[in-house]
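Read-outs throughout are calculated quantities, based only on the coordinates presented, and are distinct from any laboratory measurement. Quick caveat, the model's predicted, so the values are computed rather than measured. Every residue, glycine among them, receives a Cβ derived from its backbone with ideal geometry; neighbour counts consider all protein chains shown.
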Amino acid sequence: MKTVLISGGNRGIGLETVKKFSKQGYRVFLGTRNYEKGLALNEELRQSGFLNVIPVALDITDQASIHEARQAIEKQTAVLDVLVNNAGIRGDQPQTPSSVNLDSIKSIFETNFFGSIVLTQAMLPLLTLSSEPRIVNVSSELASLTLHDNEDWKFYSFKDAGYGPSKTALNAYTVMLAYELRHTAFKVNAVDPGYTATDFNGYKGTQHVSDAADLIFKYATIGKSGPTGQFLSKEGELPW
Ligand SMILES: NC(=O)c1ccc[n+]([C@@H]2O[C@H](COP(=O)([O-])OP(=O)(O)OC[C@H]3O[C@@H](n4cnc5c(N)ncnc54)[C@H](OP(=O)(O)O)[C@@H]3O)[C@@H](O)[C@H]2O)c1
């Protein structure tokens, strides 16, 4: 049975991605900051027919928590086939470039950028043992500097100084890691899940979490001839 770890798997896009992988026959490690709630959630999932889900306590801004999550996973499996770096925060508003509080930007980067890197590094030894290791870094269209230069783009006025740049940095890490792993079986991609109705945006997103989960699943299980080091969305490649 193939294995996957999804950070921030307890709600929103992450939870729907947990369900998707479970239905597709994966053993799913559901990363959750609140382990007790994760256990209760897993009971609900099991009763709804989502099997082989294992909650794992995981706060990606806490190196000890990441280390313990790895140990918990290693008790269950030697091999991790897929890592979905989904956990992310939008951060406090406003994030006006000229006046945003630096601590606010730092906390966004701690989660969206540094946390995803530390989790990736911790899981690489387990991923390396997979015959088809896949990493999806859940990014955002708001990371695209090219689109930020296009006045006709629907999110042109979304110029937050913290959130978008944190995902731009995550995209850069995706490119660098994919290059380092280019002669291996790894596929490492940044995926924009699309504007999705979750807590993250007060449920203003225009698509359902299942659309986001389907897309993440697609790139997290892409075949040998699939892309690596790319920035991908429902429409295909996004400009950097
Ligand atoms: N929704 C959209 O329209 C949209 C669009 C583009 C990209 N995205 C990206 O998609 C991903 C998921 O977003 P969402 O809409 O599902 O948001 P969400 O409903 O707010 O869920 C965020 C998840 O991340 C977890 N999380 C936050 N900080 C964490 C940390 N330090 N350690 C571990 N887990 C942490 C949260 O856990 P808690 O429950 O403990 O807070 C929660 O499970 C994010 O990376 C987001 O940037 C979303």
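Go ahead and set up a Gaussian network model of the chain, Cα springs under 10 Å, then flag whichever of Leu58, Leu145, Leu83 fluctuates most.
Maximum fluctuation in the GNM of the chain, among the listed residues, is at Leu145.
Dipole of region 97-240, Cα-centred, from +1 at each Lys and Arg C-beta and -1 at each Asp and Glu C-beta, to the nearest 20 debye?
My answer is approximately 360 debye.
Rounded to the nearest 20 debye, what is the charge dipole size of region 70-136 about its Cα centre when +1 sits on each Lys and Arg Cβ and -1 on each Asp and Glu Cβ?
Taking the Cα centre of region 70-136 as origin, the dipole is about 40 debye.
Have a look at His183, His67, His208 and tell me which one the Gaussian network model of the chain (Cα, springs below 10 Å) gives the largest fluctuation.
His183
Express in whole angstrom the spacing between the alpha-carbon centres of region 180-240 and region 53-100.
17
Taking the simple approach of a point 7 Å from Cα along Cα-to-Cβ for both Thr206 and Thr128, what is their distance in nm?
In this crude spin-label approximation the distance works out to 4.4 nm.
Under 17 Å from the Cα of Lys2, which lysines turn up, not counting those fewer than eight places away in the same chain?
Lys19, Lys20, Lys23, Lys75, Lys187, Lys218, Lys224
Could you tell me the largest-minus-smallest coordinate of the C-alpha atoms of the chain on each of the three principal axes, in descending order and whole angstroms?
Taking the Cα atoms of the chain, the three principal extents are 48, 40, 33 Å.
Name the residue from Gly226, Val100, Tyr163 whose Cα lies farthest towards the positive end of the charge dipole of region 3-237, charges +1 on Cβ of Lys and Arg and -1 on Cβ of Asp and Glu.
Gly226
Out of Asn101, Asn189, Asn137, any idea which swings most in a Gaussian network model of the chain, alpha carbons joined below 10 Å?
Asn101
Can you pull out the trypsin sites (Lys or Arg not before Pro) in region 54-91 whose DSSP state is coil and whose Cβ has at most 14 other Cβ atoms within 10 Å?
Lys75
So for region 143-240, taking the charge dipole from beta-carbon charges (+1 Lys/Arg, -1 Asp/Glu), which of Leu147, Thr174, Tyr203 sits furthest toward the positive end?
Checking the options against the dipole of region 143-240, the answer is Thr174.
Between Met1 and Lys224, with labels modelled 7 Å along Cα→Cβ, what's the label distance in nm to one decimal, could you check?
So the label points at Met1 and Lys224 sit 2.7 nm apart.
Which of the listed residues, Ile135, Phe217, Val79, is farthest toward the dipole's positive end in the chain, when Lys, Arg count +1 and Asp, Glu count -1 at the beta-carbon?
Val79
Evaluate the charge dipole of the chain about its Cα centre and quote only its size in Debye, nearest 20, assuming +1 on the Cβ of each Lys and Arg and -1 on the Cβ of each Asp and Glu.
I would put it at about 660 debye.
Can you tell me how region 156-228 classifies by the Cα gyration tensor, rounded, prolate or oblate, using a/c under 1.5 as the rounded cut?
Because a/c hits 1.5 or more and a/b fails to exceed b/c, region 156-228 counts as oblate.
Taking the simple approach of a point 7 Å from Cα along Cα-to-Cβ for both Phe155 and Lys37, what is their distance in nm?
For the pair Phe155/Lys37, the computed spacing is 2.4 nm.
Among bridges DSSP assigns within the chain, what percent are antiparallel (round to 5)?
Given both bridge residues lie in the chain, the antiparallel proportion sits at roughly 10 percent.
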